[in-house]
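Down below is the structure, laid out as structure tokens.
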Amino acid sequence: MIAQPLTILDHHYQELNNGGEDVIQGLSQNPKILSPKYFYDDPGSQLFEKICELPEYYPTRTEAWILQQYADEIAEITNCCELIELGSGSSTKTQVLLDAYQKIATSCRYLPIDVSGGILKTSVLQLQKKYPDFSIHGLLGTYEQALVHLQSNYLQSRMLFFLGSSLGNFNPEECDSFLNQVSRTLQTGDFFLLGIDLQKPQDILEAAYNDSQEVTAAFNLNMLSHLNWRFQGNFDLNLFRHQAIYNHVDNQIEMYLHCMMSHCVSLEVLGLKVDFEAEESILTEISRKFDLATMQKQLQTKGLKTVKTWTDKKGWFGLILSQV
């Protein structure tokens with residue numbers, strides 16, 4: 001058992017790192033928008049784990065299949081290195097990679113990074129029992145905080161990995177900035193393993209984000225519950241409904257909370273009052289769908305040269321292993 005399984009990257013973390021300035025800005029603009037990071041309190045993280053098991057939600061099982069087929073090959077290419085995962089969640093898929101590295105090394109260092117302290121601590125403790133010879137330590141914080149921390153704490157050669165197509169949650173400008181930060185965090189010879197959801201028919205995409213069991217709807221609405229407890233808000237979840245649509249122009253799923261009647265919401269900690277009109281929407285997430293060749297070119301501009309790519313048989317999901 002580890003006495004201190006986590007490092008908290010911002011000790012004011014209970015105030016969500018920035019005090020909610022992005023909430024004030026997002027709810028004060030037109031159209032309204034909220035950051036998807038507010039999905040991931042502990043209940044939200046648990047709901048996302050349920051989403052990953054839904055029959056309509058293909059990304060998790062498709063990426064898991066690719067990892068099961070090619071994890072040994074990834075380990076052979078990269079050799080024993082420090083493994084760093086952004087947005088680790090329960091680290092379920094990651095265990096396929098850890099099993100592969102266990103075959104080539106007696107010990108290994110794994111750093112999972114997540115914004116949900118509960119699920120991160122639980123997964124770290126479980127993994128330490130399963131991989132007793134590995135050094136496993138969680139970093140609690142945002143991607144940005146983690147990458148800044150890692151820049152000044154370089155121990156050995158690395159593979160940074162970002163699975164689940166979470167890159168799709170960034171707009172093009174945010175994506176470019178994120179990849180710049182990744183590049184600065186790695187040194188010559190280090191690796192970056194990236195999972196991306198590929199473009200496919202609209203009906204498949206929209207079904208994945210509007211599941212029949214309405215788990216995704218609960219996940220989306222939970223963001224308002226998160227804001228209520230964190231910022232002493234009074235959002236009434238019954239006054240909002242979930243919808244996800246596919247934007248053909250930008251090749252992205254857009255997830256919304258639609259207000260069903262006019263009312264006012266207060267967030268006491270932020271000193272914020274927000275008026276909502278009937279049929280007004282909050283954009284809570286985008287999920288961009290990528291082209292494999294185009295993404296490789298973008299990585300190349302950041303000094304990340306593609307070593308190898310893998311996809312499933314349908315070409316629905318891709319993994320790109322690149323190297324500085």
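Take every pair of alpha-carbon atoms less than 8 Å apart whose residues are at least six positions apart; their mean separation over the length of region 28-139 yields a relative contact order of 25 percent.
Sequence-ordered 3J(HN,Hα) estimates for region 132-146 from the Karplus curve with 6.51, -1.76 and 1.60 and θ = phi - 60° stand at x, 8, 8, 8, 10, 8, x, 10, 9, x, 7, 4, 4, 4, 5 Hz, glycine and proline given as x. For a straight C-alpha distance cut-off of 22 angstrom, the lysines reachable from residue 32 (same-chain residues fewer than eight places away being disregarded) are 273. In summary, the aspartates and glutamates within cross-link reach of residue 302, defined as a Cα separation below 12 angstrom excluding same-chain residues under 8 places away, comprise 176. On a per residue basis, region 172-324 carries 44 Å² of accessible surface, using protein heavy atoms and a 1.4 Å probe.
The calculated 222 nm mean residue ellipticity attributable to helices in the chain amounts to -11500 deg cm²/dmol, summing -39500 (n - 2.57) over DSSP H runs of n ≥ 4 and dividing by all residues. Could you compute the longest span of the chain free of trypsin sites (Lys or Arg not before Pro) located in DSSP loops and having at most 16 other Cβ atoms within 10 Å, not counting the site residues? It runs 1-312. The dipole here belongs to the chain: it is taken about the Cα centre, uses +1 on the Cβ of Lys and Arg and -1 on the Cβ of Asp and Glu, and is about 1020 debye. Working from Cα pairs under 8 Å separated by at least six residues, relative contact order for the chain is 21 percent.
The HN-Hα couplings worked out from phi for region 109-121 by the Karplus form 6.51 cos²θ - 1.76 cosθ + 1.60 (θ = phi - 60°) are 10, 10, 10, x, 10, 7, 8, 9, x, x, 5, 5, 4 Hz, whole numbers, x standing for Gly and Pro.
Less than 5 angstrom separates the built amide H of residue 233 from those of 228, 268, all sequence-distant by 5 or more or on a different chain. Shown here for region 243-298: GluC sites (Glu not before Pro) in loop regions (DSSP other than H, G, I, E, B) with at most 14 other Cβ atoms within 10 Å, namely 277, 279. Positive end of the dipole of the chain, charges at C-beta (+1 Lys, Arg; -1 Asp, Glu), about the Cα centre: which of 115, 100, 217 has its Cα farthest in that direction? Value: 100. Under 5 Å from the amide H of residue 199 lie the amide H atoms of 290, each residue being 5 or more positions distant or on a separate chain, with H modelled from the backbone and absent for Pro and chain starts. Taking every DSSP bridge with both residues inside the chain, close to 60 percent are antiparallel.
If you take all other residues with their beta carbon under 14 Å from the beta carbon of residue 150, and give Lys and Arg +1 and Asp and Glu -1, the sum is -1. For the residue pairs 200/305; 103/305; 37/121, the alpha carbons lie more than 22 Å apart in 200/305; 103/305. When the solvent-accessible area of the chain is split by element, carbon and sulfur atoms take up 49 percent of it, the probe being 1.4 Å.
What residues have an amide H closer than 5 Å to that of residue 109, excluding those fewer than 5 places away on the same chain, when H is modeled at 1.01 Å from N in the peptide plane? Answer set, sorted by chain and number: 83, 135.
The values are calculated or read from the model by the stated rules, or taken from the named source; none is laboratory data. What you see is a predicted model; the values in this text were computed from it and never measured. Note that we place each Cβ from the backbone using ideal geometry, even for glycine, and neighbour counts take in every protein chain shown. All accessible areas refer to the heavy atoms of the entire protein, side chains included, with ligands and DNA or RNA removed. Shrake-Rupley method; radii C 1.70, N 1.55, O 1.52, S 1.80 Å.
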